[in-house]
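One structure is given below, encoded as structure tokens.
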Amino acid sequence: MSRPPEDILLEIKGLKTYFFTEEGVVKAIESVDIEVYKSETLGLVGESGSGKSVTALSILGIVPDPPGKVLDGQVVFHGQDLRHLSDSDMRKIRGNQIAMIFQDPMTSLNPVFTVGDQISEAIMLHQKVSKKEAKEKSIKIMSLVGIPSADERVDNYPFEFSGGMRQRVMIAMALSCNPELLIADEPSTSLDVTIQAQILELLKATSEEFDMSIILITHDMGVIAEMCDRVAVMYAGYICELGDIMIIFKSPFHPYTRGLLGAIPRPDAEREDLTIIRGAIPNLINPPSACRFHPRCDYYMQGLCDVILPAIIEVEPGHDVRCHIYSEEGKAWMQKHGQKREIGKVPKAIK
Amino acid sequence: MATIENIETDEFILDEKTLREIETMKGANQWSIVWRRIKKDKMGMLGLYIVTFLILMAFVSWILLQLDEWLTHAGLLYGDPNLISSLNNLYVELWIPGVSKSNPIVLFNHPTYQFADQVKLPPSFIHPFGTDANGQDMLSRVFFGATNSLALGFIGQMTTVIIGTVLGSIAGFYGGIIDDILQRVIELLYSMPQFILMIFIIVLFEDIQVPGGKYAVVVIFFALIGWGGTALIIRSNFFSLKEQDFVEAERALGASDMRIIFKHILPNSLAPLIIIVTLGIAGTIFLFAALAFFGFGDATIVSWGDDLNKWQDQLLEYPWMPMFPALFIFFTVLGFNLFGDSLRDALDPRLKD
């Protein structure tokens, strides 16, 4: 299922972002490797605090500094490393080629300007158009994202919009410059379920219309299943599994992915208890050694998982896993301890 | 029992609130919304009337003085050159028709003109506000003093607010070392009594010749040491505002720091700024008046503050002398405060009616 490398739009290699707080260094992202292909939707999923949003901010270079700092890694977009671009060059890319929408539409709009002003500004930041043309374009985009009577609503203030409508305004702002990549940071989390479905539908439709790639950040596996072509599962600053949506939902390899999928209630399944992942996400100031998932893992191999960080293993084409179960070290450990594990075996709860 | 027939029809008439909501939905212009809110506020309107009246007065008196000067230069003035003579008859005939031109009743004369035989007169028909110990008509003093009083307060306050806003915004937005330095400077400034510091500086620079007279020095140094309060308020405002999601969203759109600071966050701080300016104008007028009292003003300038301080020891004997300038200072303060309060409420789109 993997596509040729020339189809890659954005490639993140070894990204590392720390936050230097008074309590200590929060090692939010340790090593993230993702590639985003042209016009695909990539899901980025994980628990709260796993570093999904920080990854997004790191891509755009807008990690709040201080206390945050991107320490290492490459963010290659159109052959250039965004981390080495000057501030002004980076500003030309933000909002223009890579746009972002945020979780909370209630606070992501400036309360003292009309939505028309804000969309127009997004346009005028990157295109040489007059104020009038920008406003006309704003109205066009607003009706495109499904805001009724856009020519009147354009002069309204954000407080005059409902949550769903505000998220549409945010999407309109993001789309205003025809970005090649849209980073959607939990775009539907703060909305109620029916509005959620509408917003996701809108994102899907516009991504097809604009031939745009999307990085969809969420912790909702249902949303991922609905929207994405590929999915990357994040845990405590690492990508632990990355692959095609069908493969991952059918046969997840990483124990964490299995846990996540096992925790989804399924209306078609027989009544049985949902699996849980025991414990909680670790404190990232003092994260567990090596594989950060090992204290919560059912397949924990003592003396290996807490000592050596597993490398990324391509278990099948286009399917990467970072887990010792599939590594050479892991095999050696299992042989030594007389245990055997069938690769890719799906735990009972998932089926 | 309620049936379709006996429901009172006026239940279906939209109340004012709903009508307003509909108007808002129609995308009424921001300033028309602001204006509507101010109009609803009776005290705000009173403030607006007072402020408008005072500004008009200041403007008209300034025009008259300029005209007088120009006419004098052009040699077009007839009669007593110290009166705004060319205009006298106009006023007299306008206000008191039928008074003979050989003995005109002067409503406004040049503020520095002294009626040698009309010293310390109580308010009368000829001198509605009385005359002072130098025989100057108090009405004219007060009328022509408006220009300087308001202009000094306004210019002084605006300079401090602009300096304070720029420094406070940058410190609040970036935080860290910039903020630390700013705070220490403000503490340094505030550790000395402002008034004494002003006097000290004015004495130090007494001999400096600046275009604009002594008050130019006063205004410049007032701006240089007085910005701390504004800076602190704006800074703390920025501390909470910069954490808001729209700042991050704006960054993700590719806006520069300066754009985010001055175009996006600052308008959110408009409410405190308006309060600082309106309260500050009154306060600055007071400060400059007090400086004048201690001999650090400019005796050649006509202003309410100078007059008030000149005559305040006459309060018991000749109450009209200090009273009228004081009254106008009082109305200035009152007007600016009432209007500022109302404008603050009206400008804040987060307050719904």
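Summary of computed values
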| item | result |
| --- | --- |
| Matching entry among B:151, B:171, B:146 (being touching a Lys or Arg at 6+ places or on another chain (Cβ under 6 Å) and more than 14 Å from every other protein chain (Cβ to nearest Cβ)) | B:171 |
| Identity of the residue in the stretch A:60-91, touching a helix residue (DSSP H, G or I) at 6+ places or on another chain (Cβ under 7 Å) and part of a helix (DSSP H, G or I), that ends up farthest from residue A:34 (Cα to Cα) | A:90 |
| Test: residue in the stretch B:343-350 that is within 14 Å of chain A (Cβ to nearest Cβ), free of Cβ contacts under 8 Å to residues at least 60 places away in the same chain and not in a helix (DSSP H, G or I) | yes |
| Residues of the stretch A:237-262 that turn out to be more than 30 Å from residue A:68 (Cβ to Cβ) and in a loop (DSSP other than H, G, I, E, B), as a count | 3 |
| The stretch A:170-205, subset under 11 Å from residue A:101 (Cβ atoms) and β-branched (Val, Ile, Thr), residue surrounded by the most Cβ atoms within 10 Å (Cβ to Cβ) | A:183 |
| Residue A:305, sole failed condition from (1) under 18 Å from residue A:330 (Cα atoms); (2) out of contact with any helix residue (DSSP H, G or I) (no Cβ under 8 Å at 6 or more places or on another chain); (3) among the hydrophobic types (A, V, I, L, M, F, W, C) | (2) |
| Qualifying helices (runs of 4 or more DSSP H) (wholly inside the stretch A:114-160; at least 1 residues being of a type in the set (A, V, I, L, M), in contact with a Leu (Cβ under 9 Å, 6 or more places away or on another chain) and touching a residue at least 60 places away in the same chain (Cβ under 8 Å)) | A:131-144 |
| Unique match (being over 26 Å from residue B:202 (Cβ atoms), buried (at least 21 other Cβ atoms within 10 Å of the Cβ) and among the polar types (S, T, N, Q)) among B:303, B:269 | B:269 |
| Any hit, the stretch B:193-202, residues being surrounded by 13 or more Cβ atoms within 10 Å (Cβ to Cβ), more than 18 Å from residue A:107 (Cβ to Cβ) and out of contact with any helix residue (DSSP H, G or I) (no Cβ under 9 Å at 6 or more places or on another chain) | yes |
| Residue count, the stretch B:272-292 (criterion: closer than 29 Å to residue B:242 by Cβ, of a type in the set (Gly, Ala, Ser) and surrounded by fewer than 22 Cβ atoms within 10 Å (Cβ to Cβ)) | 1 |
| Scope the stretch B:254-309; condition of a type in the set (D, E, K, R) and within 13 Å of chain A (Cβ to nearest Cβ); matching residues | B:257, B:259, B:263 |
| Checking residue A:139 against (1) out of contact with any Phe, Trp or Tyr (no Cβ under 7 Å at 6 or more places or on another chain); (2) modelled with pLDDT under 90, the condition it does not meet | (2) |
| Only one of A:200, A:182 that is at pLDDT 90 or above and within 30 Å of residue A:58 (Cβ to Cβ) | A:182 |
| Search result, residues across the stretch B:232-253 that are part of a helix (DSSP H, G or I) and within 9 Å of another protein chain (Cβ to nearest Cβ) | B:245, B:246, B:247, B:248, B:249, B:250, B:251, B:252 |
| Residue match in the stretch A:285-297 (condition: among the basic types (Lys, Arg) and either in contact with a strand residue (DSSP E or B) (Cβ under 6 Å, 6 or more places away or on another chain) or surrounded by 23 or more Cβ atoms within 10 Å (Cβ to Cβ) (or both)) | yes |
| Test: residue in the stretch A:205-212 that is touching a Ser or Thr at 6+ places or on another chain (Cβ under 6 Å) and farther than 21 Å from residue A:147 by Cα | yes |
| Count - residues of the stretch B:273-308 that are of a type in the set (S, T, N, Q) and either within 17 Å of residue B:141 (Cα to Cα) or not in a helix (DSSP H, G or I) (or both) | 2 |
| Wholly enclosed helices (runs of 4 or more DSSP H) of the stretch B:118-231 bearing at least 3 residues at pLDDT 90 or above and not small (Gly, Ala, Ser) | B:138-174, B:176-190 |
| Residues being part of a helix (DSSP H, G or I) and more than 18 Å from residue A:246 (Cα to Cα) - total across the stretch A:205-228 | 6 |
| One residue from A:97, A:103, A:167 being buried (at least 22 other Cβ atoms within 10 Å of the Cβ) and closer than 24 Å to residue A:57 by Cβ | A:167 |
| In the stretch A:104-115, the residues that are facing chain B (nearest Cβ under 8 Å) and either within 12 Å of residue A:170 (Cβ to Cβ) or polar (S, T, N, Q) (or both) | A:104, A:107, A:108, A:109, A:110, A:114 |
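Every residue, every condition in (1) more than 9 Å from chain B (Cβ to nearest Cβ); (2) over 24 Å from residue A:44 (Cβ atoms), yes or no:
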| site | (1), (2) |
| --- | --- |
| A:92 | no, yes |
| A:101 | no, no |
| A:117 | yes, yes |
| A:148 | yes, yes |
| A:154 | no, yes |
| A:164 | yes, no |
| A:179 | yes, no |
| A:185 | yes, no |
| A:193 | yes, no |
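Residue by residue, here is whether (1) of a type in the set (Ser, Thr, Tyr); (2) under 27 Å from residue B:219 (Cβ atoms) holds:
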site: B:259; (1), (2): no, no
site: B:281; (1), (2): no, yes
site: B:284; (1), (2): yes, yes
site: B:331; (1), (2): no, yes
site: B:336; (1), (2): no, yes
site: B:344; (1), (2): no, yes
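The values are calculated or read from the model by the stated rules, or taken from the named source; none is laboratory data. Computed from a predicted model, the values in this text were never measured in an experiment. Neighbour counts run over all protein chains shown; Cβ positions are idealised from the backbone, glycine included.
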